[in-house]
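Only the coordinates and a few stated rules stand behind these numbers; no lab work does. Note that the structure is a prediction, hence the values are computed from the model and not measured.
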Ligand SMILES: [Zn+2]
Ligand SMILES: [Zn+2]
Ligand SMILES: [Zn+2]
C-alpha cells in the first residue's frame, strides 16, 4: 500500500510586528486560500465587531418560517442577523447580505472558525 504523503508543508509566516496596543485582540485577517490568487484584501476588516452573542437565536428564522431545514448558520457581524449558509436551500445569510449590504458573516458551525466577506469573497481568520 502506497501512501502519497506530502511532507513538504510550507511553514506559515508569522510576521511579528511590535504590538503597540497589547491587551486588545488583533481582530481578523484575510486567510490564505489555496484556490485563489494571493493578495486578497478585505476593506471591511475595521468594521468587524462582534455583535451580541446570538445565544438561543441559533436558528435561521427565515427557514423556520418556511418549515425548511438548514445546514450551517452564518452570523452577520454588522447587525447580528443569523442566516443559513450557501449549502442550505435558503441561502439566507447571502440573502441578508444582498438586501442589506452587510459584508461579513462569522460561521456559527462548531467545526468552523472563520468569517467570510461576501463583498470581497475572502475568508477571514482571527489574527
Ligand atoms: Zn471585505
Ligand atoms: Zn435559511
Ligand atoms: Zn446584517
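Structure summary
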quantity	calculated
Rel. contact order, % - alpha carbon contacts under 8 angstrom, at least six apart, segment 28-126	28
Relative contact order of segment 66-120, pairs being alpha-carbon contacts under 8 Å that are 6 or more residues apart, as %	30
